[in-house]
Every structure is written in C-alpha cells, then in structure tokens.
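Here the structure is laid out as structure tokens; the discussion comes afterwards.
The values are calculated or read from the model by the stated rules, or taken from the named source; none is laboratory data. These figures come from a predicted structure and were not determined experimentally. As a convention, Cβ positions derive from the backbone with ideal geometry for all residues, glycine included, and neighbour counts pool all protein chains shown. Ligands, DNA and RNA are stripped out before the accessible areas are found, and what is left, the full protein with its side chains, is counted by its heavy atoms. Shrake-Rupley method; radii C 1.70, N 1.55, O 1.52, S 1.80 Å.
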Amino acid sequence: AVPIHVHRYELDPDSGCPGRWRGGLGCVFEFSILDHDALMTQFGDGMKYPPASVLGAESAYSNERVFRKQILRGKDGKPEPLELHCVRTVYAGESVEIYCPGGGGVGPAFERDQAAVVEDVRNGVVTWERAQTEYGVIIDPVTCVVDEVATSQLRG
C-alpha cells in the first residue's frame, strides 16, 4: 500500500474564465501523508496566473479563485499558505491542497450559446449562479430550461 492518501483530484467548477468560448477548467488536488514524513517540492513557471482571456472575455473571479494557491493543513486543520515554489517537509497526518487556475475565455460571455451554457450547468462545470451572473442565462433549476424572456432582458 502507498502511504499517501489522495482525497480528491477533480475539476474545479467555475474556474474556466467565461467567454463566448469558455476557458478550460482548473483542478483541485488534495492529498495527505499517512504514516511517515515526506519531502514535497512545488515548482514550475507559468503557474501563478491563468492564461489571459481575449477578445472581450472577462472574469468576475476574485483573486482567491484566479491565482494558483497551495495550502498545507497541519494535524490541527489550520491552513498555512505555501509558497508557489518551495521545498518543504510534509509531516505524517498533514495534508496539502493545490488549486490550479482555469484557462482564459474567448469573446464576450453574453455571446455564448445558451444551449452551451445549459450543457455546462448540467455537466457541473458552471454553477447556476455563474450561468446567470457571468453568461446572462437564467436557467430553471428544476427543469433545466432557459427562461427566454428573463435571459433576453438580462442580456439586453
């Protein structure tokens, strides 16, 4: 058995910058060391900032969501930010969380096809809230159908 436990390695919803063509999603990776101490290295260029959006695409994300971040949680669960480039001992019982930013979008988000936004919501890559605030598409949470009138007013 490997003495490292992977708690999650998954795509991060709403991490792709909105645009007519949505940017790629970032990921979340969380693991812990079970019964030994381990030396962890974190390095790499091009990881601090996500790829920029172009041609009118924007992002309403806070700096917390946009930038790559790494957190060490001690046995007490208290979070400690890690440097972008570091070599550090991770002790048995500690866990590490790594949040990678998503990619930049292309074109204005309100021009994204409504059916594509619905599909993003169904697939869990965009939340209901972001569909409305960043894409201007109002989707009924029960039927998953676009409210055409409200969406037209919001996008107008």
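Taken together, Ala109, Ala38, Ala131 contain a single residue that is farther than 19 Å from Asp14 by Cβ and either at pLDDT 85 or above or of a type in the set (Lys, Arg) (or both), which is Ala38.
Taken residue by residue, the range 86-98 has at least one member that is of a type in the set (Asp, Glu), in a strand (DSSP E or B) and under 18 Å from Glu10 (Cα atoms). In the range 41-53, the qualifying residues are those that are within 21 Å of Arg20 (Cα to Cα) and open to solvent by less than 70 Å² (accessible area, probe 1.4 Å), and the one that is modelled with the highest pLDDT is Ser53.
Hey, among the residues in the range 112-133 that are in contact with a Lys or Arg (Cβ under 9 Å, 6 or more places away or on another chain) and of a type in the set (D, E, K, R), which one's nearest to Gly16 (Cα to Cα)? Once the filter is applied, the top-ranked residue is Asp120. Of the set (1) aromatic (Phe, Trp, Tyr); (2) open to solvent by less than 80 Å² (accessible area, probe 1.4 Å); (3) under 24 Å from Ala116 (Cα atoms), all apply to Phe31 but (3).
Can you tell me which of Val142, Val149, Val118 is β-branched (Val, Ile, Thr), open to solvent by 30 Å² or more (accessible area, probe 1.4 Å) and assigned to a helix (DSSP H, G or I)? The match here is Val149.
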